[in-house]
Amino acid sequence: MRKIILAAAVAGAALSVAACSEKTQDAAATTADSAAADTMANADAVADVASDTASDAADAASDAAN
């Protein structure tokens, strides 16, 4: 009887560890996707600022030449 109870407890523990591991993997994947989206948004923002700055510099150079 003890062996059956012990085997059931070990099986239950193994299943709970597997479930936690799956949840952790899902959370890690979600975090990675979120980080990638944030990086993309930041890169777009930097590109916009760089473009605006280049345009402002060109306008200033043009005004200075006239």
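The values are calculated or read from the model by the stated rules, or taken from the named source; none is laboratory data. Model, not experiment: these values are computed from the prediction. Positions of Cβ are backbone-derived with ideal geometry, glycine not excepted, and every protein chain shown enters the neighbour counts.
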Task: Residue among 14, 19, 43 that is modelled with pLDDT of 90 or more and not acidic (Asp, Glu) - done: 43
Open item on the list: On the basis of being at pLDDT 90 or above and in a helix (DSSP H, G or I), does residue 58 make the cut?
Closed with: no
TODO: May I ask you to verify whether residue 28 is surrounded by 10 or more Cβ atoms within 10 Å (Cβ to Cβ) and on the phi < 0 side of the Ramachandran plot?
DONE: yes
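Kindly indicate whether residue 64 is surrounded by 10 or more Cβ atoms within 10 Å (Cβ to Cβ) and of a type in the set (Gly, Ala, Ser).
So residue 64 does not fit the description; no.
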Task: Which listed residue is assigned to a helix (DSSP H, G or I), of a type outside the set (Val, Ile, Thr) and more than 25 Å from the chain's Cα centre (by Cα), from 28, 13 - done: 13
